[in-house]
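S.K.: My questions all concern the structure below.
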Amino acid sequence: MKLVNVTEFKTRVAEILQLAMKEEVIITYRGEPKAILKPFTEDDWEDYVLVHHPDFISQREAARADDAAGRVIDVDTLIKEAEDAEI
C-alpha cells in the first residue's frame, strides 16, 4: 500500500494508476486519507455494476422485506416440500 498526496497524484496520475493496478494506493489531502485506488478486474466490474443496478437494489430490498415479514423459507424446507409433493 502506498500513500500519495493529491498534488503528487495530479502530477503523476498515469504512473500512479499503473501502480494502482498492482497494489492499493491511498490518496491523501492535507495529510488525511480521502480516496483509495486499488486493482480492479473485469470480474470486479461485473460485480460492481450488478450490485449498484437499480433493479438489483429494489429486488434485494423486496427480499429483505419478505424475510422480515416471515414470507421466506429456507432451502432445506423448500426441497423437503418439493419431495413431499412428488409422493
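S.K.: What does the highest-first list of 13-23, 45-55 look like by mean Cβ count within 10 Å?
M.R.: 13-23, 45-55
S.K.: Which Cα, out of LEU50, THR7, VAL25, lies furthest along the positive dipole direction of the chain (beta carbon charges, K/R +1, D/E -1)?
M.R.: Highest projection toward the positive end goes to THR7.
S.K.: Need one word for the range 42-86: rounded, prolate or oblate. Basis is the Cα gyration tensor (sqrt eigenvalues a ≥ b ≥ c); a/c below 1.5 gives rounded, then a/b vs b/c decides.
M.R.: It comes out oblate by the Cα gyration axes.
S.K.: Now for a different question. Run the dipole for the chain about the Cα centre, Lys and Arg Cβ at +1, Asp and Glu Cβ at -1, nothing else charged, and hand back the magnitude in debye, nearest 20.
M.R.: Once rounded to the nearest 20, the dipole reads 1080 debye.
Every number here is computed from the coordinates shown, using simple stated rules; none is lab data. Quick caveat, the model's predicted, so the values are computed rather than measured. Every residue, glycine as well, gets a Cβ built from its backbone with ideal geometry; the counts of neighbours run over all protein chains shown.
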